[in-house]
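Enquirer: This structure is in structure tokens; I'll ask about it shortly.
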Amino acid sequence: MENSKLVYKNGKQLRTGYTTGSCAAAAAKGAVIMLLSGEAIQEVEIDTPKGWPLTLELKHISWEEDGVRCCVVKDAGDDPDVTDKIEVYAKAKKTAAQGITLSTGLGVGKVTKAGLLIPPGMPAINPVPRSMIMKEVGEVLPEDQGVEVEISIPQGVEIAKRTFNPRLGIEGGISVLGTTGIVEPMSEDALKDTVALELSCRKAAGQDKVLLVPGSYGERFCQEHFSIPKEKAVKMSNYLGFALEKCDEYGFKKVIIAGHLGKLVKPAGGIFYTHSRISDTRMEILTANLALLDMPNVHLKEIMACITTEEAIPIIDKLGYQEIYSVIAEKCAQRCEGYVYGHVEIGVILFSMKRMLAKSSKADRILEEIRHE
């Protein structure tokens, strides 16, 4: 079974892998197939949102009194992923009710605080992996039958202690993650080289304006809200400062930076490498700027107690301090222009997981130019 593809970055050959979400979907599908057929199988094929099919091996198959259990071992490829080689288990048992019931066991965390993609009280299985599990099981489950599928990751209890999950309010284990089903290598040098190469190619093609986004969500947001094709965006990951330096070096005249409030509040405070492990100052910068807008101290404490900016947004909106979004967008744009000594005009677009929040003063004009370039 060959589930990896090779990618080449900076002359290095790197191997892709697959996510915990893919492992959970494959284990679930395999367990249900064996439950219904009464026969063991050694592998199962699933689709991924990336469009790459995977054929994954089923291990530790056990027939229990009330169902069938098996696991898939995660392969993160050449990505330095803390969850590489963990065993993701699924247990399937028949139910009287038709349809699929999804539950979780040991090592899968539970969300305890607001502000994440999953509401408090729910298992930490993100929306895309959940959809993958339901799709794959649904393909092999007859309409008149029902199953309960329990996902567990026994090693997740210990691994979670080496992640940011406890700080985010995810307790008891890790999250089941993945938006594409595929793990792509995250070498810092390789990522920066990719950013530089993409900017260089665009400049060579005669472009002098560019859209920078942290990741795929920013691409989709700009396509849906501003009709800018994803192909016009350059994904910079956490390397905002590096990307700006390259824009200056290559002679770009105008840049739009579009990103989530939780990312772009950091450069508004002078931080240009935005990885949360290095610069986890979102709430401090947001709270300080709200204080300058005269938000009462009691509410400032509420904001500081939030785990994410997404959690803070409903509080800000309820209290009528939406002006903060424009303040942050403008400060981010000014700081970024200052970072490249005013050589590049910069506009900033801020959004949440649900809507656009604000644009800086130059954003509309630069957006229009990028759209028609």
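Enquirer: Quick check on my filter: what residues within the stretch 199-253 are modelled with pLDDT of 90 or more, assigned to a helix (DSSP H, G or I) and of a type in the set (S, T, N, Q)?
Expert: Hit for the stretch 199-253 is GLN223, nothing else.
Residues are listed down the side, and each one gets a yes or a no for (1) under 14 Å from GLY259 (Cα atoms); (2) more than 26 Å from the chain's Cα centre (by Cα):
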site: ILE316; (1), (2): no, no
site: GLY320; (1), (2): no, yes
site: SER326; (1), (2): yes, no
site: TYR339; (1), (2): no, yes
site: ILE349; (1), (2): yes, no
site: SER360; (1), (2): yes, no
site: GLU369; (1), (2): no, yes
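Enquirer: Consider GLU310 carefully, then state whether it is surrounded by 14 or more Cβ atoms within 10 Å (Cβ to Cβ), in the same structural domain as TYR339 (by TED's automatic domain parsing) and among the acidic types (Asp, Glu). I'd like the intermediate steps shown before the answer.
Expert: Details: surrounded by 14 or more Cβ atoms within 10 Å (Cβ to Cβ): yes; in the same structural domain as TYR339 (by TED's automatic domain parsing): yes; among the acidic types (Asp, Glu): yes.
The answer is yes for GLU310.
Enquirer: Which residues, counting only those in the stretch 49-68, are at positive phi and within 21 Å of the chain's Cα centre (by Cα)?
Expert: Correct list: GLY51 only.
Enquirer: Take the conditions over 23 Å from LEU319 (Cβ atoms), in contact (Cβ under 8 Å) with a residue 40 or more places away in the chain, out of contact with any Phe, Trp or Tyr (no Cβ under 8 Å at 6 or more places or on another chain) and among the small types (Gly, Ala, Ser) and apply them to SER276. Does it pass? First the steps, then the outcome.
Expert: Values: over 23 Å from LEU319 (Cβ atoms): yes; in contact (Cβ under 8 Å) with a residue 40 or more places away in the chain: yes; out of contact with any Phe, Trp or Tyr (no Cβ under 8 Å at 6 or more places or on another chain): no; among the small types (Gly, Ala, Ser): yes.
So SER276 fails the test.
Enquirer: Can you name the helices (runs of 4 or more DSSP H) wholly within the stretch 254-312 that have at least 2 residues being under 18 Å from the mean Cα position of the chain (by Cα)? It would help to see each step written out before you state the result.
Expert: Details: elements: 261-268, 282-292, 297-305.
Filter on the stretch 254-312 gives 261-268.
Enquirer: Quick one: THR163 ticks every box in (1) among the hydroxyl-bearing types (Ser, Thr, Tyr); (2) under 28 Å from GLU245 (Cα atoms); (3) under 17 Å from the mean Cα position of the chain (by Cα) except a single one, so which number is it?
Expert: So THR163 meets the others, but not (2).
Enquirer: Considering ALA190, ALA196, which residue is at pLDDT below 85 and either over 21 Å from TYR217 (Cα atoms) or surrounded by fewer than 20 Cβ atoms within 10 Å (Cβ to Cβ) (or both)?
Expert: On the way: ALA196 fails: at pLDDT below 85.
Of ALA190, ALA196, the one residue that is at pLDDT below 85 and either over 21 Å from TYR217 (Cα atoms) or surrounded by fewer than 20 Cβ atoms within 10 Å (Cβ to Cβ) (or both) is ALA190.
Enquirer: If we keep just the residues of the stretch 328-340 that are of a type outside the set (Asp, Glu) and free of Cβ contacts under 8 Å to residues at least 40 places away in the same chain, which is farthest from GLY218 (Cα to Cα)?
Expert: Applying the filter and picking the extreme gives GLY338.
Enquirer: Identify all residues within the stretch 113-156 that are surrounded by fewer than 22 Cβ atoms within 10 Å (Cβ to Cβ), part of a helix (DSSP H, G or I) and modelled with pLDDT of 95 or more; write none if there are none.
Expert: Across the stretch 113-156, the qualifying residues are ARG130, SER131, MET134, LYS135, GLY138, GLU139, VAL140.
The values are calculated or read from the model by the stated rules, or taken from the named source; none is laboratory data. These numbers were taken from a predicted model, which means no experiment stands behind them. Every residue, glycine among them, receives a Cβ derived from its backbone with ideal geometry; neighbour counts consider all protein chains shown.
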